[in-house]
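Take a look at the structure set out below.
The values are calculated or read from the model by the stated rules, or taken from the named source; none is laboratory data. These numbers come from a predicted model, not from an experiment. Reconstructed Cβ throughout: ideal geometry from the backbone, glycine too, with neighbour counts over all protein chains shown. The accessibility values were calculated without ligands, DNA or RNA, using every heavy atom of the protein model including side chains. Shrake-Rupley method; radii C 1.70, N 1.55, O 1.52, S 1.80 Å.
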Amino acid sequence: MGRCKGVHISLPQFILSMLLFAVLFFGIGFILNMLLKTTWLVSVLYPFIILIVIDHVSTWSYFSAPRHTFSQVGARLSHLAPSDWTVLGMGFLGALLSGITMKLLRSRGYSMF
């Protein structure tokens, strides 16, 4: 299906990865939004979380050598396979759905959320 550093993933792996990322970020988003009384926190933080996972550079290098770091991260992002983008997109969808769920629960009177 997709390619990541020369490794092929099968269709079942691809489908399970999409489901796992969606459920994982829905759960994380739901819990954080409930505990912190926010709605879109994880949806806003999601790109930064993924960047930290993907970039393989230290956070300090964004401040010490920003031009080199951003070009390196841009090159790394451009080499992601479409299957990787799909899996990451499903994670973002899960984060968005957690915010929508929070909004619906609050509008229906569940003050706990």
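Within the range 9-30, residues that are without any contact (Cβ under 8 Å) to a residue 12 or more places away in the chain reach no partner that is open to solvent by less than 80 Å² (accessible area, probe 1.4 Å) with beta carbons closer than 8 Å at six or more positions or on different chains. Note on the range 76-113: residues that are touching a helix residue (DSSP H, G or I) at 6+ places or on another chain (Cβ under 6 Å) and assigned to a loop (DSSP other than H, G, I, E, B) total 1. The residues of the range 26-53 include none that are part of a loop (DSSP other than H, G, I, E, B), over 16 Å from Tyr110 (Cβ atoms) and modelled with pLDDT under 90. In this structure, Ser78 does satisfy being within 17 Å of Val53 (Cα to Cα) and more than 11 Å from the chain's Cα centre (by Cα).
The set of residues in the range 39-58 that are touching a residue at least 40 places away in the same chain (Cβ under 8 Å) and more than 14 Å from the chain's Cα centre (by Cα) contains only Thr39. Which of the residues that make up the range 65-113 are closer than 23 Å to Gln13 by Cα and either open to solvent by less than 40 Å² (accessible area, probe 1.4 Å) or touching a strand residue (DSSP E or B) at 6+ places or on another chain (Cβ under 7 Å) (or both)? Matches in the range 65-113: Leu80, Ala81, Ser83, Asp84, Val87, Leu88, Gly89, Gly91, Gly94, Ala95.
Kindly indicate the residue of the range 19-34 that is among the hydrophobic types (A, V, I, L, M, F, W, C) and farther than 22 Å from Ala81 by Cα and also surrounded by the fewest Cβ atoms within 10 Å (Cβ to Cβ) among those meeting that condition. If we take residues in the range 19-34 being among the hydrophobic types (A, V, I, L, M, F, W, C) and farther than 22 Å from Ala81 by Cα, then Ile31 is surrounded by the fewest Cβ atoms within 10 Å (Cβ to Cβ). The set of residues in the range 64-99 being among the β-branched types (Val, Ile, Thr) and in contact with a Ser or Thr (Cβ under 9 Å, 6 or more places away or on another chain) consists of Thr69, Thr86, Val87.
Might you check whether a residue that is open to solvent by 70 Å² or more (accessible area, probe 1.4 Å) and outside any helix (DSSP H, G or I) occurs anywhere in the range 6-18? Break it down stepwise before answering.
Taking the range 6-18 and keeping what is open to solvent by 70 Å² or more (accessible area, probe 1.4 Å), we get 7-8, 11-13, 15-16.
Remaining after also requiring outside any helix (DSSP H, G or I): 7-8.
Among the residues of the range 6-18, at least one is open to solvent by 70 Å² or more (accessible area, probe 1.4 Å) and outside any helix (DSSP H, G or I), which makes the answer yes.
Reported count of residues in the range 35-61, each being open to solvent by less than 40 Å² (accessible area, probe 1.4 Å) and not polar (S, T, N, Q), is 6.
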